[in-house]
1. Bins of 10 Å, beginning at zero and ending with the bin holding the largest distance: percent of Cα pairs per bin for the range A:15-76, please.
2. Just in the range A:99-198: which GluC sites (Glu not before Pro) are loop by DSSP and have at most 14 other Cβ atoms within 10 Å?
3. What three numbers, in Å, describe the spread of the alpha carbons of the range A:181-247 along their principal axes, ordered from the longest?
4. Quick one: P(r) of the range A:93-210 from all Cα-Cα pairs, 5 Å bins, percents rounded to integers, in order of increasing distance.
5. So what does log10 I(q)/I(0) come out to for chain B at q = 0.11 Å⁻¹, using the Debye formula with one equal point on every Cα and no solvent?
6. Restricted to Cα positions, what overall size does the range B:67-187 have along the principal axes? Three whole-Å values, descending.
7. Name the helices (complete DSSP H segments) of chain A with a Cα length along the long axis of 18 Å or more and a Kyte-Doolittle mean of at least -0.5, or state none.
8. Take each complete run of DSSP H in chain B, measure how far its Cα atoms stretch along the helix's own axis, and keep only those covering 27 Å or more with mean Kyte-Doolittle hydropathy at least 0.5; list them.
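Derivation of every value follows stated rules applied to the coordinates shown; laboratory data play no part. No experiment lies behind these values; they were computed from the predicted model shown. Glycine gets a Cβ as well: all are built from the backbone with ideal geometry, and neighbour counts include every protein chain shown.
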Amino acid sequence: MKRVLLLGGIRVIDFSTAYAGPYAGKLLADLGAAVIHVETGDRLDIMREYPPHGAADGPDRSAIFASLHRNKRGLTLNLKTAGARGVMERLVAASDVLLENFTPRVLPSLGFPWARLQTLNPRLVYCAMPGFGASGPHREYRSYGPTLEGQSGLASLTGYEGEAPLRMGCSYPDMVGGVTGAFAILAALRERTRTGRGALIELPQQQAAAALTGIAVSEWSLNGRVMGRLGNAHPWFVPHGIYRSAGHDRWIAIVVRDDPAWAQLAPLVGLPAMSRAERQRRRAEIDARIEAWTAEHEPEALSRRLHGLGVEAYPVRTALELARDPHLAARGFIETIPHPTLGPLPYAGPPWRVTRAETAPHTAAPRLGEHTEVILGELGYGQGEMDALRAEGALR
Amino acid sequence: MTARPLQGLRVLDLSRELRGAYCGRLLAEYGADVVVVEPPEGNPWRGVGPFVGETPHPEKSLFFLHYYAGRRSVVVDLETPQGRRVLDALTATVDVLLHDLPPGRASALGLEPDRLAESHPRLILAAVTAFGEVGPERAVIGGDLVVTAAGGLAALTGDPTRAPLRPGGDQGEHITALHAAVVIVAAVLARDASATTGVHLDVSAQESVASVLENAMEFALLENRTIPRQNGRHPISWPGRVFPCDGGFVVMSCGSAAQARACFSLVGDAVTAADPVLEDRDVRRAHADRLEARLIEGLGRFGPEDLFHRGQDLGIPIGVVHTPRSLLDDPQLVADRFFRAMEHPDAGDYTDLGPPFRIDATAPHLTRAPRLGEHSRAVLSEVGLDADGRQEPAGVAH
């Protein structure tokens with residue numbers, strides 16, 4: 001899938017770091033926005049060091065950085081200098097969106113509180129994605145994906161039945177913050193087409209993650225029950241599980257949502273017709289019977305057989321299986337594009353196909369400071385001025 | 001004043017899965033007019049428990065109340081030709097048609113992209129399906145468990161010696177809904193900017209899940225390997241997991257030696273804090289079992305809130321593991337007035353989750369979930385269909 005240009009002409013300053021903010025910028029860049037990632041070589045973005053590494057050394061070795069920042073251009077600025085702040089002013093004036101994920105004191109301390117940003121560009125959409133909020137008691141606390149998983153209530157819902165909460169296998173709140181940020185920015189841009197004015201988006205990542213706890217809070221509020229960990233079970237659907245299959249570490253997910261699906265599955269596992277209420281009562285027995293059966297079969301064939309019967313099922317896929325998956329390949333989900341230091345690099349995503357839209361080839365993530373001079377030129381800086389900025393240390 | 005950036009956007013919602021449902025909630029939350037089309041017996045989630053109280057009731061499903069908030073409800077029997085004509089009339093008046101039906105089911109209802117593009121050139125057709133609309137697995141159906149298994153997230157979560165785990169709370173569906181909302185609003189902006197045609201969006205839940213595996217796909221693609229399940233430990237940072245403490249749990253995610261040392265200072269264990277094995281990340285990880293046993297011993301003497309505040313003061317990335325109950329008392333969420341009060345004529349008053357973001361310091365307003373067919377009359381009359389019971393075409397009920 002080529003890069004679709006739904007957001008052609010939208011200019012974004014991605015002044016974000018680590019994962020959450022960059023993921024928002026990545027989605028906008030994948031959709032055709034002109035995104036400039038502003039960073040500093042004085043203190044490298046931690047994702048530039050994050051594994052996996054496709055080269056031995058240097059700031060351009062990380063494949064995950066390459067993925068988060070593809071289709072963006074890169075500019076290095078040391079905003080502690082007056083010259084760099086001048087560059088930022090011109091950039092803000094020339095952009096539609098400013099995105100950052102620092103604690104709320106950082107932008108004001110660099111001379112860019114919201115009031116000033118608005119003066120520089122009344123049409124600017126400014127998306128602030130702090131961990132906890134612009135005000136409130138935890139605003140200066142540090143947060144990472146895993147700590148927000150706890151702080152949002154998500155972690156308390158994940159784990160084996162009756163056991164302790166368990167961290168998910170990825171730093172989920174990071175990606176949640178990113179995709180929510182992209183949605184927020186686009187919504188605010190749409191409002192701008194009506195009002196002509198920019199907007200301030202406050203997106204505390206704790207709240208973006210807490211918004212995904214589903215019915216757990218209403219279950220407490222309405223029924224006084226604290227939802228805990230259910231393993232792979234569901235509060236209503238039975239069976240609903242991941243069962244061991246034939247082969248090493250092979251598993252299959254099987255779900256029955258209604259009586260007709262149970263009528264198909266039951267004889268295969270040697271059980272009779274049962275009402276939902278009865279299935280709910282006999283859940284442990286049903287799970288054991290299903291697993292005794294699935295353990296004899298390899299998950300692909302079993303899954304296809306169950307699909308033929310109208311039963312929801314799928315093999316548990318590892319990332320490696322996905323990287324080689326014929327279905328995803330047919331959809332163009334995995335795509336290889338050249339990278340200046342990592343060579344031809346395969347990428348996953350984005351998770352959509354868009355028909356009847358203009359497209360363009362993807363471009364690689366910027367090497368550290370790769371587009372600094374080009375972007376300064378676009379902002380009207382002459383060579384002499386650039387040399388002066390460099391001498392001042394503004395472009396590090 | 002409320003934030004309504006999507007005001008004026010009209011969305012027809014044919015969802016039957018939580019991925020479509022949550023996408024519709026998000027669009028409605030931020031001001032879109034979202035109409036859910038329900039069959040005469042109601043959307044399937046009306047029949048899914050838990051319910052308010054013990055007795056199943058179509059207006060008291062917690063899933064329906066949460067995921068279908070913000071909508072208007074119109075009942076149309078799409079199994080009849082007359083109902084499909086009504087669907088066509090409704091489609092003509094909206095900006096976005098959102099559905100999550102597998103391809104065969106969608107075309108049986110007349111939702112073929114080419115036909116819709118011809119008859120409604122400005123329409124944005126968003127199909128948010130389990131495996132997407134093209135590719136060999138396109139007809140495979142599935143809800144959250146299937147897509148978290150198929151998208152690689154379950155294989156990363158849990159104990160390597162036991163079954164892979166589905167993260168709690170339908171996250172595969174949520175993350176798909178969020179990605180769908182992004183590309184839908186992008187398509188709206190593109191259409192309005194160009195004054196040309198709408199587009200057809202094929203959003204895959206499997207791919208949405210596979211897009212949020214942090215760096216697991218990159219390990220697979222670059223190094224041909226899968227990160228094994230870590231039983232809740234972070235694969236790189238240490239300590240990076242949930243720990244029990246007195247009366248609850250905390251979670252830590254430490255990247256540096258200084259942070260690792262501070263974790264032991266936090267619990268008053270000066271001896272381990274000075275242990276040289278903490279200096280190097282790989283060495284720390286190699287001694288994880290012994291070190292975590294020490295840490296758990298210390299943490300057991302303190303409560304989660306105490307550890308959270310003192311830990312943050314020491315520079316430790318630490319969080320409380322909130323239960324749904326303690327989340328309501330989180331001082332930051334309370335200060336930000338995150339939660340919202342909902343009123344429902346059948347379900348009663350309750351507290352629901354708040355919005356993920358605010359615009360210009362204002363929170364969006366979200367109306368309660370509709371009763372079955374509550375807005376049939378109003379919605380149908382808006383599209384010029386006779387809303388009078390006597391003269392209404394067959395196939396329409398309210």
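1. Bin by bin from 0 Å, the calculated values are 24, 57, 19, 0.
2. A:140, A:161, A:163
3. Taking max minus min along each principal axis of the Cα atoms, the range A:181-247 gives 58, 40, 19 Å.
4. 2, 11, 19, 19, 17, 13, 8, 5, 3, 2, 1
5. -0.91
6. 54, 33, 28
7. A:172-195
8. Both cut-offs are met by B:171-194.
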